[in-house]
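The values are calculated or read from the model by the stated rules, or taken from the named source; none is laboratory data. All figures in this text were calculated on a predicted structure; none of them were measured in a lab. When we count neighbours, we look across all protein chains shown, and the Cβ atoms used for this are built from the backbone with ideal geometry, even at glycine. Quick note on the areas: whole protein, heavy atoms, side chains included, nothing else; ligands and nucleic acids left out. Shrake-Rupley method; radii C 1.70, N 1.55, O 1.52, S 1.80 Å.
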Amino acid sequence: MKGLMIKDLMCLRKQMILFAYIVAGVLVLSIMYVLSARYGNIADANQSMMAENSLSEIDINNISTITLICFMLTPIAMVGDVTTIFKMDGKAGFSNISSILPLSVNKRVMAKYLTIFMMFGIGVAVDIVISFVLSKLTDIISFADFFGIIISAASLMIIYGALVILFCFLFGYGKEDYAIFASCAVILITVILANIKKIKLIFTSLSVGNSDSIDFISDFMNFIIHKSFILLSIAVIVVAVSYFVSVEIVKRKRGMV
Amino acid sequence: MQRGKNMNVIEIKNATKDFGDFKIDQISFAVPEGSVCGFIGQNGAGKTTTIKLILDVLNVDAGEIYVFGQNIKDDSAKLREDIGVVFDEMGFHEFMTGKDINIMMKNIYKNWDEKVFFDYLKRFSLPVKKQCGSFSRGMRMKLQIAVALSHNAKLLIMDEPTSGLDPIVRNEMIQIFREYVLEEDHTILLSSHITGDLEKLADEVVFINGGKIVLAGNKDDIIEKHGLLKCKKDDLKDINESFIVYAQSGTYGVEVLVNDRRACAKLYPEMIIEQASLEDIMLFYVNRSISGTYGKTSDRSDATE
């Protein structure tokens, strides 16, 4: 199993180099943003908007937090391209090799999951370092809150990764783009269905000019910062289901991995 | 079943696999330990499918397959520790070097011997640090063979390893296979439609056509028994039907593959009977299957066409 994981990591070698550049870029940009939001042009702009009553302090804080969340999500999102391994395996015809190795189907499937989680682990570790640096530079958001965001983001990416792996096995080689589309669709539909009442409320309030949408953003941020354990629990369940279903798919479609 | 003398390393009993448009139909054969078994058949005859069934890459619909005396359904993953496999396509990622493959394999095979692996790479003149995507077909095959031979495999299963290779590389490979079977407990199952290679190497031969085994046994016995009888079209009617595998028009008359050369030689001393090659035997059996006719009467009509 370790050998397959090593092979998968070799497949991701180029992606890892790109990842290193992106992490460096994100770190620089986020530090610039934080410093500007505290002492520079962004801070001045925020002050003037508050003076003109166009935005409240809460709104500005939300915007700053969302911006930082976007920075934080980038490293985790960058390690999340699970399909690279499947694309490369399919192109090489690696199933010829993997199917004759002295590894059970369970172990061969498990290797894929562990590789992906290892990549997410790297993303999380990098994010923790970045958030620690940023939390020392700003009072917009604390390290504890950053940590909540990281767990939420990682959980979301794990859910996405687990779904992509499942769909890649289901659809077969050469259909990785469909797997991405299906995974995004499942996540989007689930989020919409889970928040259907709030979404209706936002559209209603927007039509009458209310600011309930801002409350929705506050609720959303509150959820991902302080209730990350919910997403983490969902991620664990999705991974377990995805793994067992994938094993069954691969057993039925012999020669897939 | 224990490992030991006269043990069958591979034993297939009535294995069936139905794909709808193609079927492996109740095939049975055995490969004795220490032998080289040539698995012959034209393209699409079912060689690769049978190999995949043996390796448990595909599930059998019915029947049983034993490898090293154990049913492959029991623990095929463990059994594969002792099996080296070479497919006609490489399967390694093009960016991988010999070094990368060594790192991967030593973390998969318990008995992986990296010294043996690098020795083979050196012997085959394969660069260790060059990406295998830039290798020629011959080099790719050699790389696969190096991998298959580097984990102390007791059984080597190869699917068309020599197809598409030039004669020099093919001979080089045959030499390697010969060296491999010098060890008493080493066995080879080699699928090919290049019968010349198998004539040089194989002890046993299994003939598959249209998903059915048409002939199986000791290669020398098969070659010894079969003969290519050449006669005039009019003489065909004199030959006992039970001897005729298939008859077809030749340059100067009719060529008949007979299944008992010595008996025919005694019965028909005036007719020329040559020793049949594996290729002749394969072609006549395949043609018989294609025409769907067996025996003299139909063969005669074919011969007169």
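Scanning the range B:103-124 for residues that are at the interface with chain A (Cβ under 10 Å from one of its Cβ atoms) and open to solvent by less than 50 Å² (accessible area, probe 1.4 Å) returns B:M104, B:M105, B:N107, B:I108, B:Y109, B:W112. Among residues of the range B:92-103 that are in the same structural domain as B:A146 (by TED's automatic domain parsing), those with a beta-carbon under 7 Å from a residue that is surrounded by fewer than 20 Cβ atoms within 10 Å (Cβ to Cβ) and charged (D, E, K, R) at least six positions away or on a different chain give the pairs B:T97/B:K129; B:T97/B:K130; B:K99/B:K129; B:N102/B:E114. Applying the criterion of being among the hydroxyl-bearing types (S, T, Y) and over 12 Å from the mean Cα position of the chain (by Cα) to the residues of the range A:134-166, the residue that is modelled with the lowest pLDDT is A:T138.
Report, by residue number, each residue of the range B:86-102 that is touching a Ser or Thr at 6+ places or on another chain (Cβ under 9 Å), more than 7 Å from chain A (Cβ to nearest Cβ) and open to solvent by less than 30 Å² (accessible area, probe 1.4 Å). Listed by number, the list holds a single entry, B:N102. Would you check which residues across the range A:83-101 are open to solvent by 20 Å² or more (accessible area, probe 1.4 Å) and facing chain B (nearest Cβ under 7 Å) and list them? Within the range A:83-101, A:M88, A:A92, A:G93, A:N96 meet the criteria. For the range B:55-85, the set of residues classified as of a type in the set (A, V, I, L, M) and surrounded by fewer than 24 Cβ atoms within 10 Å (Cβ to Cβ) consists of B:L55, B:V57, B:L58, B:V60, B:A62, B:I65, B:I72, B:A77, B:L79, listed by residue number. Looking only at residues of the range A:167-224 that are of a type in the set (S, T, Y) and open to solvent by less than 70 Å² (accessible area, probe 1.4 Å), we find that the one that is modelled with the lowest pLDDT is A:S213. Cβ-Cβ distances below 8 Å connect the following pairs, each with a first residue in the range B:130-150 that is open to solvent by less than 20 Å² (accessible area, probe 1.4 Å), a second residue that is assigned to a helix (DSSP H, G or I) and modelled with pLDDT under 85, and a separation of six or more residues or different chains: B:G138/B:V169; B:M141/B:V169; B:M141/B:M173; B:I145/B:M173. Looking at A:I130, A:I122, A:I116, just one residue is more than 14 Å from chain B (Cβ to nearest Cβ) and open to solvent by 40 Å² or more (accessible area, probe 1.4 Å), and that residue is A:I122.
In the set (1) modelled with pLDDT of 90 or more; (2) open to solvent by less than 60 Å² (accessible area, probe 1.4 Å), the condition left unmet by B:G41 is number (1).
One residue stands out among those in the range B:226-283 that are assigned to a loop (DSSP other than H, G, I, E, B), of a type in the set (G, A, S) and surrounded by 16 or more Cβ atoms within 10 Å (Cβ to Cβ): the one that is modelled with the lowest pLDDT, which is B:G253. Hey, does the range A:8-18 have a residue that's surrounded by fewer than 21 Cβ atoms within 10 Å (Cβ to Cβ), in contact with a Phe, Trp or Tyr (Cβ under 8 Å, 6 or more places away or on another chain), farther than 30 Å from A:V133 by Cα and more than 11 Å from every other protein chain (Cβ to nearest Cβ)? No, that holds for no residue.
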